Amino acid sequence: MSAEVEFAPSGFSAVEPPPRPVGNFAAAALRFGSLIAFAAILIIFSLTAPYFLSIGNIGNVLGQSAISGVLAIGLTIVLIAGGSNVVTGGIDLSLAANMGLSAAVYVSLTQLGYSDATAIAATILTGALIGTVNAIAVVYAGIVPLLATLAVMNVVAGLELVLTGNTVLPASTPFLSALSASDPFGIPVLAYVLLGFTAITTAIVQYTPLGLRLYAVGEFPDAARAAGLPLRRLLAGAFVASGVSGGIAGILSVSYLSGSTTGAGEMLLPVVVTALLGSVFSRRLVPTVTGTLLSALLVGFLVNGFQLLNISSTLVSGVQGVLILIVVSATTLLRRQEA
Amino acid sequence: MSIEKSENGLGRRDLLKLSAAAGVAVAGASLIGQKPAFAAGEELSLKGKRIAISATGTDHFFDLQAYNAQIEEVKRLGGEPIAVDAGRNDGKLVSQLQTLIAQKPDAIVQILGTLSVIDPWLKKARDAGIPVLTVDVGSTNSINNTTSDNWGIGKDLALQLVSDIGGEGNIVVFNGFYGVTPCAIRYDQLVNVVKYFPKVKILQPELRDVIPNTVQDAFTQITAILNKYPEKGSIKAIWSAWDIPQLGATQALAAARRTEIRTYGVDGSPEVLQLIADPNSPAGADVAQQPAEIGRTAIRNVAKLLAGQTLPRETYVPALLANKTNVGEVTKKLGIG
């Protein structure tokens, strides 16, 4: 059973239904448009960019997307349970800072001589703790997530500064080396981590009753309450899950950057964009874990393709923004047309 | 933001053209003077070669000059540059290096970067059979590092500072990037010099300069320090390992009317050299590197390496100390007057 259920259209639309043939086409385009766009981008790069279509390169992109992918998937869980309203709905702005602090915790512990196992446990605990603080602020204190997680973000970023003194702390342990290595085919281990993480979260969020409840809480809180669902507990759980994702991303980032570095906060906006963009890869334009994975990979492939095409890196973010705008507006227009 | 950047870019590119002519003349003369073996009838070529240039960032005068000069030099020698700029983001830097390794260029030139972050990936490039050269970052995995003589820079700057303050007084130090090798060397040289002037004291705790928002942050931190040490003479000088914090510090001194304090930095950013030239500004000295010349030298080293020559471990390009008395001369030499 898929949790990506067909929701009844909410509210009445004043838009006249378009003529049938166009409507069918639009509906099909909506369903597959973003996937087709993604495929088109991949095909264009495969034809024009040397080395693009090699196993090593595709593995590289998967590995390079691991950190932002894990963060964005964590955010997706909050988006699902909190509802998709950008201002009042679910959002976790503390995720990037969470990753920074988690990375700093990991490195500090290994520098103090603790084992990888201890460091991993402490790091994930750190992430979970940050998620718990978010959950308390949002669910029990009733603060709007946008503000609550913004405040937590600042506290967490401050703690990271205290721990690292805003310097780069190097780390090198057997576990970290294994995590940043590649398999004999040249595929980075991080790529497998991303796929594994996605598979597990997809299984939980899209294919269990728990996941279905998360969607219910986010989209139709009143109905969910009437049905007797534990709203608060589910929403709090989503924030904790997001916090844990931040902790996991922290570990990945330590292995990727051979330590904890400054500037984790810069990840925030790209991660938010990735998670929001993820909706266009689902049929009902709702946040899904697989949609977010696709969106993270789309961004990864864009950056990679541009570099392989030797397009000046100053243009990359601009072109990326334009492409995202095109994809999102096309899908939004099609959605309106369908309605 | 982007408009501002492109404007800066144009302005700097013009400067680059000016400095290129002067730089070539100066460098040519110094090459002939020092190493006649290399200068005599040298026919370097990168024809048919793909040379990767990986910059940590280009938001700073030094980086931008070195980066652009490298791209130009690769083209001039007939090669194809693959240039990537990580925008001071370590994650992006590592991703770009990874992709570069997959592209299998004939050589990779890495400009700056935190050693612990980039070194594992430079090693992977080396393991993949790609020669790695560096600019301003010494690594065991790089064949050659082209840089200014940072020991000389650190010593010159420290001696100028100590002499300006008469061998006694408190100095405020920005030490946020000790992980970056050139900054570490300059800082160590300051400590070495100060050791022999017992009346000079580095105030604790040291300040940490940050990226981005370096200027605003330095301004805020210095303003706070000035409030902590309100009486004149309690601070004699402010030192930083590069000159962007120096810019913010100098502005903060001017705003607080504490112009008796002098500021010191490295890199020769045009805006800081201008301040030094202003007799009323508290900017004391700035050691100007020749980034464009450093960039070109690194690319010529690549060409030499690919032609089968053996490279020295480090290639030093001379730096010029600009103080209140000689700043006019130095800017003329750098071609940014």
Review point. Quick check, is A:Gly131 touching a residue at least 40 places away in the same chain (Cβ under 8 Å) and farther than 16 Å from A:Leu234 by Cα?
Key: no
Looking across the range B:71-95 at residues that are facing chain A (nearest Cβ under 7 Å) and open to solvent by less than 10 Å² (accessible area, probe 1.4 Å), the single one that is nearest to A:Val61 (Cα to Cα) is B:Val94
Exception for A:Pro170 within (1) open to solvent by 60 Å² or more (accessible area, probe 1.4 Å); (2) without any contact (Cβ under 8 Å) to a residue 40 or more places away in the chain falls at (2)
Per the filter on the range B:101-118, residues under 18 Å from B:Ile130 (Cβ atoms) and more than 8 Å from every other protein chain (Cβ to nearest Cβ) are B:Ile101, B:Pro105, B:Asp106, B:Ala107, B:Ile108, B:Val109, B:Gln110, B:Ile111, B:Gly113, B:Ile118
Of the residues in the range A:55-105, those that are assigned to a loop (DSSP other than H, G, I, E, B), touching a residue at least 12 places away in the same chain (Cβ under 8 Å) and within 30 Å of A:Ala224 (Cα to Cα) come to A:Gly83, A:Ser84, A:Val86, A:Val87, A:Thr88, A:Gly89, A:Gly90, A:Ile91, A:Asp92, A:Leu93, A:Ser94
In the range A:273-311, residues that are surrounded by fewer than 23 Cβ atoms within 10 Å (Cβ to Cβ), modelled with pLDDT of 90 or more and of a type in the set (Val, Ile, Thr) total 1
Sole miss for B:Ile222 among (1) touching a residue at least 60 places away in the same chain (Cβ under 8 Å); (2) open to solvent by less than 20 Å² (accessible area, probe 1.4 Å); (3) more than 14 Å from chain A (Cβ to nearest Cβ) is condition (1)
The condition of being assigned to a helix (DSSP H, G or I), aromatic (Phe, Trp, Tyr), within 14 Å of chain A (Cβ to nearest Cβ) and free of Cβ contacts under 8 Å to residues at least 40 places away in the same chain holds, among B:Trp151, B:Trp121, only for B:Trp121
Checked pairs for the range A:286-308, first away from chain B (no Cβ under 14 Å), second among the aliphatic types (A, V, I, L, M) and assigned to a helix (DSSP H, G or I), C-beta under 6 Å and 6 or more apart or across chains, list as A:Pro287/A:Leu79; A:Pro287/A:Ile80; A:Val289/A:Ile73; A:Val289/A:Val205; A:Thr292/A:Ala72; A:Thr292/A:Ile73; A:Thr292/A:Ala275; A:Ser295/A:Leu277
Flagged pairs (Cβ under 9 angstrom, 6 or more apart or on separate chains; first in the range B:65-88, on the phi > 0 side of the Ramachandran plot and modelled with pLDDT of 95 or more; second among the hydroxyl-bearing types (Ser, Thr, Tyr) and crowded, with 21+ Cβ neighbours inside 10 Å) are none
Okay, helices (runs of 4 or more DSSP H) sitting entirely in the range A:138-232 with 1 or more residues that are within 14 Å of chain B (Cβ to nearest Cβ), I get A:145-164, A:174-179, A:189-207
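Listed here are the residues, each with its yes/no results for (1) modelled with pLDDT under 95; (2) open to solvent by less than 20 Å² (accessible area, probe 1.4 Å); (3) farther than 30 Å from A:Ala223 by Cα.
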| site | (1), (2), (3) |
| --- | --- |
| A:Gly56 | yes, no, yes |
| A:Val61 | no, yes, yes |
| A:Ala66 | no, yes, yes |
| A:Ala72 | no, yes, no |
| A:Thr76 | no, yes, no |
| A:Gly82 | yes, no, no |
| A:Thr88 | yes, no, no |
| A:Ser94 | no, yes, no |
| A:Gly100 | no, yes, yes |
Among the residues of the range B:138-145, is there at least one that is over 30 Å from A:Asn166 (Cβ atoms) and either in contact with an Asp or Glu (Cβ under 6 Å, 6 or more places away or on another chain) or within 14 Å of chain A (Cβ to nearest Cβ) (or both)?
no
Can you spot a residue in the range B:149-164 that is modelled with pLDDT under 95, under 21 Å from A:Val162 (Cα atoms) and buried (at least 20 other Cβ atoms within 10 Å of the Cβ)?
no
Matching residues in the range B:51-63 (crowded, with 23+ Cβ neighbours inside 10 Å, within 11 Å of another protein chain (Cβ to nearest Cβ) and not in a strand (DSSP E or B)) number 1
- prompt: Does B:Gly179 meet the test of being surrounded by fewer than 21 Cβ atoms within 10 Å (Cβ to Cβ), within 14 Å of chain A (Cβ to nearest Cβ) and more than 14 Å from the chain's Cα centre (by Cα)?
  reply: yes
| query | away from chain B (no Cβ under 14 Å) and without any contact (Cβ under 8 Å) to a residue 40 or more places away in the chain: does that describe A:Gly113? | reply | yes
If we ask which residues in the range A:261-285 are more than 14 Å from chain B (Cβ to nearest Cβ) and of a type in the set (D, E, K, R), their number turns out to be 2
- Query: What about B:Gly129, is it out of contact with any Pro (no Cβ under 8 Å at 6 or more places or on another chain), under 24 Å from A:Ser177 (Cα atoms) and modelled with pLDDT under 95?
  - Reply: no
Within the range B:103-116, the residues that are buried (at least 23 other Cβ atoms within 10 Å of the Cβ) and more than 18 Å from the chain's Cα centre (by Cα) are B:Ala107, B:Ile108
Among B:Thr315, B:Thr325, the single one that is out of contact with any Cys (no Cβ under 9 Å at 6 or more places or on another chain), within 25 Å of B:Asn144 (Cα to Cα), open to solvent by 10 Å² or more (accessible area, probe 1.4 Å) and among the polar types (S, T, N, Q) is B:Thr315
Checked the range A:40-54 for anything more than 9 Å from chain B (Cβ to nearest Cβ), open to solvent by 10 Å² or more (accessible area, probe 1.4 Å) and not in a helix (DSSP H, G or I); matches are A:Leu53
**OP:** Determine whether the range B:197-204 contains at least one residue that is within 14 Å of chain A (Cβ to nearest Cβ), over 22 Å from B:Ala288 (Cα atoms) and out of contact with any Leu (no Cβ under 7 Å at 6 or more places or on another chain).
**Re:** yes
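The values are calculated or read from the model by the stated rules, or taken from the named source; none is laboratory data. Predicted model only: the values in this text are computed from it and were never measured. Counting neighbours? That spans all protein chains shown, and the Cβs are built from the backbone with ideal geometry, glycine included. The area values use the complete protein model at the heavy-atom level, side chains included, leaving out ligands, DNA and RNA. Shrake-Rupley method; radii C 1.70, N 1.55, O 1.52, S 1.80 Å.
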